[in-house]
Every structure is written in structure tokens, then in C-alpha cells.
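Enquirer: I am attaching a structure below and will ask some questions about it afterwards.
What follows is calculated from the coordinates using simple rules that are stated; it is not laboratory data. Model, not experiment: these values are computed from the prediction. Neighbour counts are summed over all protein chains in view; Cβ atoms, including those assigned to glycine, are modelled from backbone coordinates with ideal geometry.
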Amino acid sequence: MSDHVAKHGDGPEVYFQYEDIDQQQESYVVGMWSFLVTEVMFFGALFLIYTLYRWKFHGTFFGAHEQLNWKMGGLNTMVLLFSSVMVAFAVHFAQKGKTNKQLVCLGVTLLCAFGFLVIKTFEYGAKFDHHLFPNHSFSYADPEHHESKSWWDEALPAALKIEKHEQEGNPKNARLFYSIYFTMTGLHGLHVIIGIIAITALMVLIKIRSPLITDYIPTELVGLYWHFVDLVWIFLYPLFYLIPR
Amino acid sequence: MADHGHDHSEMTKGGAHANHILSERTILIVAGGLFFLMALTIGAAIYMPEPFKGWTIPMQCLALAIAVAKACLVVYYYMGVKFGTRLIKIFAYGGFVWFFMLFIMMIDYTTRPMEPVPGWEKQTSSALPRDTVKNPE
Amino acid sequence: MGWGPFQYNIMPEPASEHAPYYDALFMTITGLAVFFTITVVAMIIFFAARYRRGTKVNRKNILTHHTGLELIWMGVPLVLAFLMFGWSTKNYMAVRTMPKEATEIFCIGKKWMWHFQHMNGVRENNELHVVVGKPVKITMISQDVIHALYLPEMRAQYMVVPGRYTELAFTPTKPGRYKILCAMHCGTQHSEMVGQLYVMNPSEYADWVDKGGNKYKNKPLTIQEAGAQIYSEKGCANCHTGTDNPRAPTLVGIYEKTRKFTDGTSAVADREYLREAIKMPHNRLTAGWENTMPVYGGTLTELQVLQLAEYIKTLTPGKGDFVRQDVKHSTPGSDGDSSAVDIANKGGSAGNAQFRTSEERR
Amino acid sequence: MSSTVIEQGTVEKPHSEKNYLNADHTLKSWLLTVDHKRIGILYLISVTFFFFIGAIAAAMIRYELTSPKGILLSSEVYNKTFSAHGIYMVFQFLVVAIPAVLGNFLIPIMIGARDMAFPRLNLLSWYMFITGGALITLSFILGGVDAGWTFYVPLSTISENQISLCLVGIFITGFSSIFTGVNFIATIHKMRAPGMTWYRLPLFIWAHYATAVVVILGTPVVAITLFLVVVERGFGFGIFSPELGGDPVLFQHLFWFYSHPAVYIMILPAFGVVSEIITCFSRRPIFGYRFIAYSSLAIAFLGFAVWGHHMFISSQSAFQGIVFSIITWVLAIPSAIKMFNWATTMYKGSVHFSTPMLYALGFMGLFLIGGLTGLHLASLDTDIHVTGTYFIVAHFHYVMVGGTILGYLGGIHFWFPKMFGRTYSEVWGRMSAMIVFVGFNLTFFPQFMVGYLGMPRRYHYYYFAPEWQIYHVLSTAGSSILGLGFLMPGIYLTYAIFKGKKAGANPWGAKGLEWENCDSPPITENFEKPIIVTGSVYDYNPEEDSKLYEDEDTGMLGGKY
């Protein structure tokens, strides 16, 4: 009981406030989960706003969503799902103590995260060029901006292009759609960036054998966070890209 | 507390050990499930034959059901809720249940006419200039 | 009016049909609150005094829980709560159900004033005239931010939301002058977004409607004002705007200036020239314009021409220009009545400032 | 509390004079501390600072309102003043005061832990709190905010003030609360000493647990809502803007989804403090422990389903109004339970009127009035006339100031000897408690009356109704007394920190781990040895206690009465 002094190099370190390693690990996991509950409510409010306006202006939302490239969205879903699998493997290897394999998995996750952001940039870029970013230059159902070419669209391989749809619906409500789209995907992107920072930090700490990382728990926490990011996207994809008529 | 140890009541009641290791096989099976469901959701939305494709609500429910299935796979296996302690389960379920608390708001919107007045636009509602492009005057 | 503290009311005058019902419920709830406050405070004081440290009382067999007692003090307030809930909901539904047969009035809230529009065409700013005993239904919308139309004596309040119509109904029962307030913070001059509700007898109201709903109308107009009115009625401003335009030259600063004409001559624009230009405009056309102006020879009396000329003299680029008469003449604060609205206006705030900016923008 | 100290063959060490205060004296050791007690003290200093900013704003408002035509300020400055008062008091003081100061200091000690579960996160919370406060202050320096603390759209989106900066500050403060909440939850779940079962926890811990639940479930919603206002102002996204078909009332829904529970974030910890004080100075086990504990949780969860009672007249549907009204009426019950239980706790007790007890009794009286006037606002019909008037101002000040601040001051007085190891002057303490009580009632009771007469809140002028002036003058007179009452503890407590008499480990003769197993001030590790809890937390004996005082003054703090 009284030997709560940290023992370096002899199994995981127990911080002074904890009795034993079990307590420490559980506390971390409980803390992470209560933080994830917070995140659920954070995105929850946005999902509520989405539901409300989608229910109100379904026609326009359908029209507006046809401007989004579902193939790019699908690719992004795939990338994120794959990264999630990799994180699951990373946690698996961390638990088994196979540090090298763990690092490889985390590296692949990191690549996926960057890939996600690159794909997202192509989507956002095209939206900017078509004046679909909902600020004062927003323009919808206006042939001039609708027809305009965008480098971000042209640069895509043919398999990822979608046929151009007419911009249908009330331009104001369409702007509402894009406000919600950019807020939700933007915040999700911000979470991806935070995830990238967390994963990078984790990899560096593992690499330099930092005393901060003596067991698998940090990997598990980052993994929980990354799975949550994936989870949000799992819902964003059908809600924004696959709206039925 | 005869063992002089810490109070592990939440943990022991869960009946499982905290640091459960997911086997590689499970990870791969779940991954397969996830990718299959993803293909399914795209197929259901894009390549659905015509009479069904027009059914808004069933199609939306289908898409959401698939999303929920995917979410369950991730939450149960990858996030380890299935093997977690009772406390973790409470947090995981509680968060998602509480999310629906927000939907009390929908009572309001379904029981009042919320139709905005058509053509209403008076003041720009932002500090930045908006709607200045198309001014016939 | 009484003496000392008794000269102050504890409630606003109940002046609507709903007010007595409201006050009854309010006082009942207050009574309950007072009852519980006194009970608990008495309990606290009694226990604290009797069982203060050092007193010789029985302290054996202390009670640490008693489910029955807990259930009683959960149950009794719960029953009372449901009773009160039922009563208040009944009242609320009554007051929020819009009457079918009602005087309909439209209300527009904007920073920081109230516009009211009656069905008979009368427009009012920061004032509202209604008949006693007849239900009134106000349909409201805001032009900018959220306001709340609050009529304390009517016990009526509802928010005025941009982009959506909301409704408020009440039946005044007592003639008099009451307050109109904005109860939702709406910006800098929120506290000056106030007005007056006049509840009138039917005869008074009929009289008021006869005057066109304008208490300023009987006041004699100055000669310039009369001219301005003609200017507006005849639609002069349709062509003669603040600057020269293809249709007509501007009249700003025209008086006693030299005018050049199409036939090469020129003349000083004195009163005689103005009269001629109004009654027989085709006689001498200003260089650069065609003969498009209607002839007012038969339609304007000599007096009206004089008034018009006097008005044209006052026109300067900065001032005066082509104000819609209805707005100008219903501007409160133009007579000596020191109503709340007028005080606000003299302070250079509320209504006046609002009008000036909106007119300049036009 | 009965607890055993485990002897594992170690010889008892001589009592050392080291404690968490004198363990290290450098500034760095304070600013980079991960000790929950030091972080509590940091919070104590910072919330006191923000409280005084808010109080100065309040004084300006009160002074301005003594005349129907205003005295000193322009309307614009007046609006910024009440906004500052609201924003500082709500976000920088009330929401954090008790949890961050007393909760941080006491939770680990009360449950027998050496520190919070995440000490570094705890320090990060404090830094975020300070950053948020600095940004809010900066926004007021750069031009101010005039939309009130509620930030209703579209007013907050079209106003040309520093609202974005202020909202970012509030956002950061909000995340500081979330991290504190996460920390509390993990600590209370996982760090309890062996034997400290849920039903042995002090009620203070229960209350803080409920608070933490509200924080982590509610705060993110307001964070995202305010974030949406920022993007609407900054980028022109128009989620709440009516000209795009959006609904400004939606903002109110989302805002009150947090901000109604937020009043429970403010009041629940005060409930916890009062439960501790009343039991200690009644020298008697609390009456109905489980009912009080569960009523805290009931308030926390039920409190999420009543936000619509702020919006009865804001054009939400009548049906939704009825739903919210009935839940609000039901929510009165858990508070009633607590009130009755505290009163009953004194029955057959041995009541001692020390300073904390006076504050707690004052709390009960004021919270009673504040809570019961809430009934007028829970009722759909009576709410129509008094919403948006001074009635509501008086109501929430009774609850927040009369409740939270009296609870906070009571708690500070109660645990002061534990925090600093010294005692303050009882005479001054009792005097300040009474002055606060009197001044408070004089300040806010007239506001009920003027509110019922129809004075809307946030009005700068009321020249159209000069008959209201008397109430405002009374209120201002009361507020100067109240200000004096708040200033006095500031002075004599500061004096006592340096010059007060040494307090023993347990000057009140109270029960609980923090009094019985821990020095005053505690050592950095809180406890010399690990402890195991074996009994109930409130095993006072009023009979014995009272006997001590029948004949002679035993010299304990406060003496016979």
C-alpha cells in the first residue's frame, strides 16, 4: 500500500496519486469516456440543427446535396474506416508490447488522416470556386457561377468525377445547407487535425521512450478519440452525401 | 474491503477484465463488416432501382440504420465497450441516450407553424456585408 | 394617492379582461410561497432556538431517516404543484387562444420603436389607440432583432421575432393611458422603445378615427408645411429629385438663381417665375429639358402656388427634401405634449433618429 | 468519520511542519503546481478577482438606476455594464466558484485520495479559465459587449461590438469547466479510498458529482451554440438567421439547454456545502441522507428537461410550453426535499451559531424565497407578465446570489481553517453574515415589487414611470450594505491568512476525512498514511456535544453559542 513510489523500468509507472496500476488505467479510460460523452453532446447539437432544417427544407437540401461529390465522400469514408482499423491494430500491438508494429500502424493512420484532409481540400476547393461557401459571395442556382470551371474538379481522375447536376431549390435555404455542411465537416476536420497532433505526439513519445508512456493506455486513449472521429464521419457521410430524394 | 485494495466494484461487476485484448481475427472481421456496410450504404443510396429510390423516408431510415450498424461495430469492438466495465457501458450508452434529450426541441417545431414569412429579408444578420451583390437599385 | 408608503401601488392597474384572473392566480401562488416560507422559517427558527448548543432538552433517539415523512413532503407539494399547473395552464390557453372576432392590428418592431398599422389605414408610431371592451389581436413581426411587446396593465407580453409572425390578444376593460414597453433587450436604446396605449370609449375612438387617427392634424400648418404637403400630394418629387436628372431639373436651391431657357433667354427664378413654371411650364423651358411637365394652371389655386413657392425656397441639398408626408406628420414630439415618447425624441433618440437615418437611406 | 490508519510495521514519523502552503515558496512552484489544493487556491484568487469586476459593474448599474433619467452613463455604456456584470458573474464566477475552489480543494481529501485523477489536466483547466477570463476582459477593453450575457441572436450577430472575442473567451472557459468536470467524475469514480462506498460519501461529493454530470452533458451544447454565433459573425454562415429561413428561436433553445442546467451547476455545489455545514453545527447525522443524495442527481437529470420555461413567450409552441411547465413544477420537489431535510436535521441537534452556520441559515432563508418565487415563473400564465421584468431579476439573484454566493462564503468560512491553518475573527464573521443577509434582502426584495409593477429588465431609463424610483433607491441602498458585507470577509479573511490564530487540525470538532485524518493545512500528499474507511460519514452525537457546553466554555471556536 505504501509503496506507491514510482518504479522506473519495472513495468508501467504509477503516478503518485494512484494506489496501483489498475486504478490508474481505469481512471484514464473513465476520464476519456466522460470526455467523449462531452464530444457526443458537442456534435449532438449540430446533428439536431441538421435534423431540424433538413426536415423543414428537404427539397432544397436534396437539391443542394447533389453538388457534393459522393464519390469523394465515399473515398474519405473508406480512408477513415481503414485508419480506424489501423488504430485498432495499434492498440492490439501496444497491448502485446510489439512497439515496432504499433508504430507502423500509427504511421499508416497518420497517412490516412493526411489523405482525408487532402481529399477534403479538393472538395472544399471546388465549393469555393463554385461560390458555394456560405459567406457574402455565396451564389446558388446562378448559371454564371454554376457553370464555372474549377481546377479542383478538373484535376480529379475520371473515376472520381460525378455528373454535374442543376442547382435546384431556394438559394437561401441552400445557403443554410452549406452553412451546416461547412460547420459540421469543418469541425470534424478540426478534430482530425487534433487527432493528427495527438498521434504524432504519441509516436514521438514512443520513439524516444519517454517515461510518460510506459503502458498501452496512451495508445488506447488516442485510439478512443480517433474512433470517435471516425464515428462522427460514419453519420456525416449518409446525412450529407446520400440524401434520398 | 478485506483485500486492503482499492474499490474495484464497478470493474468486477462488469464481469470482464479492463484490458481485454482484441484478437487480430476479430479486428479483421469487424473491418470486413465495416467496409461491407459502407458499400451497402452507397449502393442503397446511388444504385437503388427506381421505384425504391424515390421513397424518401424508408431510404433515409435505411441509410441511418446502416450507419448505426457501423457505429455499433466501432463502439462495441474497436472502442471496447463490449468488453468494458459496467461503468464504461453506462458512459457509452448514457452519452448517446442524452443526445436524444436535445430532440425534445423537435416537439416545439412539430407543434407550431414555423414557416418563415415568405420573402422576409430586411437586415443583414452579420457584421460582414452580405447580399450586397444583387441589388437592382 | 395615499400617504407615505401607501401611495405606491403593489400591482399595475388591472385593465384587461384577463388581468383579474391573472392577479388571482398570482396572488394564490404568492400565498403558497408565503405559507411555505413561513412554515420552513418557523421550523428553522424553532429548532435552532430550542436545540441550540447547551440547552437542556431531550436529544436521545435522533432520527436519521423516515421514509413516511419524506413521502409526505414530496407528496403534498407535488399535489399542490399539479393543481397550480392545471390552473395556470387553463389561464394560459385562454389568453393564448386568439379571439375570432377581434380588432386586428399589425405591429412592426424595429430598433427602437413600435409601428402599429390599423385595418382602416391609420398608422401609429409608439402609440396605439384601441376601443374599450373590444378584443384586440395584434399580429407582430420584427424588422431586425427580437423584441417583446409588453403591456403591463393588460398583463400581456409576447415576443416579436424577425422573420415570423407572432400574435398577441387582449381585451381592454378600462379607458385610460397605459404603457407599451419592450421587454427583450434589443440594443442601445432598448429602454427608450416605449410607447403609450390609449384605451378609449367608443365615441372618443370614433372621433379619433374621424380625424384620421392623427392627433396632430388639427394644428394649423405653416406655409412651408402646406407647400410641402402639396409637393408630396401632386407627386412633384417623382421628377424633381434632389439632383438634376433626365426627366427634370432639381429644385434644390433654385430660388433667385438665374435660369437659362431653350430659346436662349434667361431669367432670375423669383416668385413670379416659379408661378409661371408651375401653372404654365411650357412657356419657358429650362435649357436641357423637354416639355414633359403637366400643366397645373387649372388644378392649383393661387394660395397653393404661393405655399408651394415658399416650400421650394426652403429646399437645400442637405435639408427638407422629398419626405413622405405621412411619416413627417405623424412624427411624435412635434407639439408640446411631453409624453414619454416625446421626451425620448427630444433626447435625440428613439423615433427621430430612426426616421432620419431611414429616410436618408431611401 | 470512523476510519483506521493502517499500520504496516512502520514507525510513526514525527509530526512535520511541512504543509502544502510552505512546501515551496517560489512563484513557479505555484504557477506550475499540480497539487489540487494549490490549484484550489489559485482559483480562489482568480474568482475573487472576477467577482470584484462583476461587483463594480453591479454597483454602477445600481447607482445609475437611482434616477429615472440616468445619471452617469450613456445607454450604450449602460448596456455594456450590465453585459459585463452578467458575463463575469455567470461565466467567470458563479459557474466555477464552488466547484473549482472548494471542490478542487476538498474532493480528493474528502474521499481519501492523494490528488485528483488528472492533476495536470486540473492545472490546464485553471490556465484555460484564466485565458478565457483574459479574452473576455480584452473584449471589454477593446470596445465592450452590449448583447447581455444571453447573447440572443440576431442582436448578437448584428451588433458591431467585440462579441466574437468575448464568445471565444466564454468558449475557452467552458472547456475549462468541462475538463474540471471530467476530472471530478474520474476522481469520484476511481479515487475513493478503500471502504469509501457511495453511501458513505459526504453529501458534498454527491452534489459535486451531480454538478460534474451536468457540466459534461450541458457545456458542450452552449459551446457549439456560441461557436455558431462566432462563425455567423465572422464568416457569414447563417444558421440562426431568419433571412435564410433559419430560426432565431433555435438559438434560445440551444442556449437554455445549457444555461438552465447551468443554474444547477451553480446551486448544486452550494447544496453540498450547506449539507456539510448544517450537519456539523447541528452535531447530528444528516436527516434523510439518501433522499438528499438522490435529489441532487434528480435535479441534475431533470434539470435538463425544463429549459423551455425561459421561452414561454418566445413563440415556442403552446404544447411544448405545457410540457416544460409541468416538468418544471415537478422539479420543485427535489429542492423541497432538501429544504425540509436540512430543517429537520436541526431537530434534536446541538445547534451552534458559528459564522458558517449563519451563512447556511441565511442560505436556507434566501433560497426558500428564491425557489418559491420560481413557481410564479414555472406557471405558464403568471410567467407572461413577469418574464423579462425585474421580478425575474430578483428571482434569479435570490437563487444565484442568495444561494450560490452565500453557500460559497459559508463554505469558505467553514473550510478556511483547513485551507490556511488559521482562524478568523468569529465576531467579524458573524457580523458580516448578518450584514450580507440584511443587505441582500433590501437589495432584491424591492425588485420583486417593481418587477410585478412592470419594470422591464435591462432598462436604462424609466422616466415614463417615475413612481418606480422608490424601489430602485431602496435597492441601491441595500446594495451598498451588501457590498460592505462582501468587502468585510475579503478584509478579515485576508488578515487572518497571515495573522490569524493557529487552528488545530479540527477546530470545529467536525467529522469527515478532511478534518479527522488530515492536518490544517494539509500536507502535499494530504494524508500521512493511506486510510481505510469503516463507518458512516456523519456519526455526530448531539447529546455528548451539548453536554460539553452545559457548564463551561471549552474554548473551542465560537464558544457556547
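Enquirer: What does the average come to when, for each residue of peptide C:55-67, you count the partner chain Cβ atoms lying within 10 Å of its Cβ?
Expert: Mean inter-chain Cβ contacts per residue within 10 Å come to 6.
Enquirer: Something else: Treat the count of other C-beta atoms within 10 Å as a stand-in for reagent exposure and order D:D115, D:D381, C:D263 from fewest to most.
Expert: Exposure proxy ranking, most exposed first: C:D263, D:D115, D:D381.
Enquirer: Now a separate question. Please report the equivalent ellipsoid semi-axes of segment A:105-216, computed as sqrt(5 x eigenvalue) of the Cα gyration tensor, largest first, in whole Å.
Expert: Largest first, segment A:105-216 gives 38, 16, 9 Å.
Enquirer: Could you list C:E167, C:E17 so that the one with the fewest beta carbons within 10 Å of its beta carbon is first and the one with the most is last?
Expert: C:E167, C:E17
Enquirer: Now for a different question. Once both axes come from the Cα atoms, what is the angle between helix A:99-129 and the longest principal axis of chain A, in degrees from 0 to 90, rounded to 10?
Expert: Computed tilt is about 20 degrees.
Enquirer: If you don't mind, there's one more thing I want to ask. Using a 7 Å offset from the Cα along the Cα-to-Cβ direction at both D:T494 and C:Q117, what is the distance between the two label points in nm, to one decimal?
Expert: Rounded to a tenth, the inter-label distance reads 6.0 nm.
Enquirer: Averaged across A:212-220, how many Cβ atoms of other chains sit within 10 Å of each residue's Cβ atom?
Expert: Averaged over the peptide's residues, the number is 1.
Enquirer: Next up: Which chymotrypsin sites (Phe, Trp or Tyr not before Pro) in segment C:176-255 pass both tests, a DSSP loop state and at most 16 other beta-carbon atoms within 10 Å?
Expert: Listed in order of number, the matching sites are C:Y216.
Enquirer: Please give the charge dipole size of chain A, origin at the Cα centre, charges +1 on K and R Cβ atoms and -1 on D and E Cβ atoms. Round to the nearest 20 debye.
Expert: That gives chain A a dipole magnitude of about 460 debye.
Enquirer: Let me ask something else. Pop the C-beta distance of C:V57 and B:L28 into the FRET formula with R0 = 56 Å and round what comes out to the nearest 0.05.
Expert: Once rounded, the FRET efficiency stands at 0.15.
Enquirer: Rg and Dmax in Å for segment C:1-87, alpha carbons only: what are they?
Expert: Over segment C:1-87's Cα set, Rg and Dmax evaluate to 20.4, 59 Å.
Enquirer: Tell me what the protein assembly as shown gives for mean residue ellipticity at 222 nm when only DSSP H runs of n ≥ 4 count, each as -39,500 (n - 2.57), the sum divided by the residue total, rounded to 500 deg cm²/dmol.
Expert: Helix-only estimate at 222 nm: -18500 deg cm²/dmol.
Enquirer: Round to the nearest 0.05 the FRET efficiency obtained for B:V97 and B:A69 when R0 = 25 Å and r is the Cβ-Cβ distance.
Expert: Efficiency at R0 = 25 Å is approximately 0.85.
Enquirer: Quick one: which of D:273-284, C:124-135, D:235-246 comes out on top by average Cβ neighbours within 10 Å, and what's the full order, highest first?
Expert: Result, highest mean first: D:273-284, D:235-246, C:124-135.
Enquirer: Counting alpha carbon pairs within less than 8 Å and at least 6 residues apart, what relative contact order, in whole percent, applies to segment B:15-85?
Expert: Relative contact order here is 54 percent.
Enquirer: Taking the Cα centre of each part, how many Å lie between segment C:17-82 and segment C:285-303?
Expert: 86
Enquirer: Moving to a separate point now. So what is the diffusion coefficient of chain D in µm² per second by Stokes-Einstein at 4 °C and 1.567 mPa s, using a Kirkwood Rh over Cα pairs?
Expert: Rounded to a whole number, D works out at 53 µm²/s.
Enquirer: Counting pairs on different chains as well as pairs 8 or more places apart, how many Lys pairs in segment A:31-241 have Cα atoms under 21 Å apart?
Expert: Qualifying lysine pairs in segment A:31-241: 19.
Enquirer: So what is the relative contact order for segment A:34-191, in percent, with contacts set as C-alpha pairs under 8 Å and at least six apart?
Expert: 30
Enquirer: Can you tally the net charge around C:K313? Count Lys and Arg as +1, Asp and Glu as -1, for every other residue whose Cβ sits under 9 Å from the Cβ of C:K313.
Expert: -1
Enquirer: Hey, what did chain D get for relative contact order, percent, Cα under 8 Å, at least 6 apart?
Expert: The value is 20 percent.
Enquirer: Are any of the pairs C:K100/C:K174; D:K502/D:K529; C:K279/C:K313 more than 20 Å apart by Cα-Cα distance, and if so, which?
Expert: C:K100/C:K174; D:K502/D:K529
Enquirer: First obtain the Kirkwood hydrodynamic radius of the protein assembly as shown from its Cα pairs, then insert it into the Stokes-Einstein equation at 37 °C and 0.692 mPa s, and state the resulting D in µm² per second as a whole number.
Expert: 95
Enquirer: Next question, about the same structure. If I model a spin label at C:T314 and D:F445 as a point 7 Å from the Cα along the Cα→Cβ vector, what separation in nanometres do I get?
Expert: Going by the 7 Å Cα→Cβ label model, 5.7 nm.
Enquirer: Which whole number gives the average, over all residues in D:75-81, of C-beta atoms from other chains lying within 10 Å of the residue C-beta?
Expert: Neighbouring Cβ atoms belonging to other protein chains average 3 per residue here.
Enquirer: Apply the Karplus curve 6.51 cos²θ - 1.76 cosθ + 1.60, θ = phi - 60°, to the phi angles in segment A:180-185 and return the couplings in whole Hz, x for Gly and Pro.
Expert: 5, 4, 6, 5, 6, 5
Enquirer: Next question, about the same structure. Could you order the peptides D:87-95, D:29-37, C:40-48 from most to least packed, using the average number of other C-beta atoms within 10 Å per residue?
Expert: In descending order of packing, they fall as D:87-95, D:29-37, C:40-48.
Enquirer: Using the Kyte-Doolittle scale, find the helices of chain D whose mean hydropathy is at least 0.0 and whose Cα atoms extend 24 Å or more along the helix's long axis, counting only whole DSSP H runs.
Expert: Flagged H segments are D:36-64, D:119-141, D:163-190, D:203-234, D:248-282, D:318-345, D:355-378, D:426-453, D:469-499.
Enquirer: Work out the FRET efficiency for B:T111 and C:T39 from their Cβ-Cβ distance, taking R0 = 35 Å, and round it to the nearest 0.05.
Expert: E(calc), rounded to 0.05, equals 0.35.
Enquirer: Only counting other Cβ atoms within 10 Å, I'd like C:L78, D:L482 sorted with the fewest neighbours first.
Expert: C:L78, D:L482
Enquirer: For A:V204, put the label point 7 Å out on the Cα→Cβ axis and report which residues of segment A:108-128 keep their amide N under 16 Å from it.
Expert: Inside the label zone: A:110.
Enquirer: Further, regarding this structure: Give me the distance between the Cα centres of segment D:212-228 and segment A:64-103, rounded to whole Å.
Expert: 28
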